[in-house]
1. I want to verify a result. In a Gaussian network model of the chain, Cα cutoff 10 Å, which of these has the top mean-square fluctuation: 326, 117, 339?
2. Using a Förster distance of 56 Å, how high is the FRET efficiency between residue 142 and residue 72, based on the Cβ-Cβ distance and rounded to 0.05?
3. Using a Gaussian network model on the chain with a 10 Å cutoff between Cα atoms, which of 232, 193, 243 fluctuates the most?
4. What ranking do 312-324, 132-144, 281-293, 103-115 get when scored by the average of other Cβ atoms within 10 Å per residue, highest first?
5. For the stretch 41-48, take each phi angle, set θ = phi - 60°, evaluate the Karplus expression 6.51 cos²θ - 1.76 cosθ + 1.60, and give the result in whole Hz per residue in order, putting x for glycine and proline.
6. Which cross-chain or sequence-distant (5 or more) residues have an amide H under 5 Å from the amide H of residue 334, H modelled 1.01 Å from N in plane?
7. Rounded to the nearest 0.05, what FRET efficiency is calculated for residue 129 and residue 100 with R0 set to 25 Å and r the Cβ-Cβ distance?
8. Along Cα→Cβ, 7 Å out, is where each label goes; now give me the distance between the ones at residue 289 and residue 301 in nm to one decimal.
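Rule-based calculations on the coordinates, nothing more; no lab input. Remember, predicted model here, so these are calculated numbers, not experimental data. With ideal geometry, Cβ positions are generated from the backbone for all residues, glycine too; neighbour counts draw on all protein chains shown.
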Amino acid sequence: MFDWLVVGAGFAGSVIAERLASQRDEKVLLIDRRPHIGGNAYDCRDKAGVLIHQYGPHIFHTNSAAIFSYLSKFTDWRPYEHRVLAEVDGMQVPIPINLTTINQLYGLGLSSAELEAWLATRAEPVDEIRTAEDVVVSTVGRELYEKFFRGYTRKQWGVDPCELDKAVTARVPTRTNTDDRYFSDKYQYMPKGGYTKMFERMVDHPKIDIMLGADYRDVKDTVRYRRIIFTGPIDEFFDYRFGRLPYRSLRFEHVTQDKTWHQSVAVVNYPQTNDYTRVTEYKHLTGQRHPKTSITYEYPAADGDPYYPVPRPENAELFKRYENLALRTKDVWFVGRLATYRYYNMDQVVGQALSTFRRIEEAVPSKTGVTPVRKEESDAATSLVAAI
Ligand code: FAD
Ligand code: UDP
């Protein structure tokens, strides 16, 4: 008899499993339908021995000292600041758009102040910034939007930016200085031995049993447990009762090349050309030295494993219906990118998992006996806290 069945061994499931076992001394069965732990952050050595990310590039970044400190229990870190180039008009220039990008692209020698004025003449006033298109055209104007964002976004999401929530392109800032880092968070690191090693340490606990290649559907009636943490797609949990929530998928083409390096930075984006969106070269991320190099092409796809919730108003509406159902479902907690249908980064999922654990502490008496509160009340409180 397990105290908890945790479905999904990605960040959401592994963090909660670790907390339940180490802090409450409760017995956890952690399952995943994939043959490995780590979820989408899983990394492994390919045939040539190069450490690659099976599901595309994962760079850890956060502003939260608490989240960084929590993960530091399970890994040492390698300082790494992510830099990305975009191939535009035949040139490879920095993205996010910054002073260097504009000077290179247009053959100019603008200063930061001059670039601000230059952008101001191009930016289009937008009354209410609602869509992924509005965010960009209101900042840099239509020409740069077309060059850097429209094609990439249409490829990545299969819809025009004007049909997506502003949060999608708001992830990528515009800078008038020469800061060419992709992220500006306080903590930017890669786990020193890789993500999988970090996960192995996280779930290595005598109270955690792991079952891989095991789907919830097949396990739920064959083992005994008191409560569930579910981190898979929420619509799947409820047998698509209200219809399917759209997720965007990707096909990854992993290639090893018989040369030391393929490109000058870890990621090159292709907003104007090719069917793939970006090419990642892992040795830049991991610091591994190897005579060969491995790269991944990312081809967006409508069908396949669910990787991205699609931020659009009608999808948010549909998710709300499932969320309401979830709030009424006793003894099941929904956590993570698929179960809460949020376009979250790894640190946000860790934060959400840690706050769910705090909620469980309030709602479920542990063996030491804590006064429970009704699940609905604490769920509502946590949806406010969730966006750490
Ligand atoms: P997942 O990692 O998806 O884990 C869920 C697990 O549940 C999966 O392993 C799945 O197999 C399992 N599962 C689902 N349903 C069932 C079932 N019925 N039975 C059994 N098991 C089930 N974040 C960053 O911070 N930085 C980045 O650079 C970054 N890059 C990314 C690049 C790509 C291409 C993608 C797709 C995501 C990226 N992310 C990045 C986001 C990051 O992957 C997620 O935030 C994080 O992995 C989500 O963790 P999770 O546990 O919620 O979900
Ligand atoms: N984007 C773009 N061009 C780029 C980079 C990003 O149009 O060169 C848009 C695109 O819609 C993308 C979103 O900004 O999906 C967020 O980019 P990010 O790099 O954060 O995507 P992720 O790493 O989550 O796939």
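1. 117
2. Once the sixth-power term is evaluated, E becomes 0.80.
3. 243
4. The densest-packed peptide leads the list: 132-144, 281-293, 312-324, 103-115.
5. For the stretch 41-48, the Karplus-derived couplings read 8, 4, 10, 7, 7, 7, 4, 7 Hz, x marking Gly and Pro.
6. Excluding prolines and chain starts, which carry no amide H, the hits are 230.
7. For residue 129 and residue 100, the calculated efficiency is 0.45.
8. My value for the distance between the label points is 3.8 nm.
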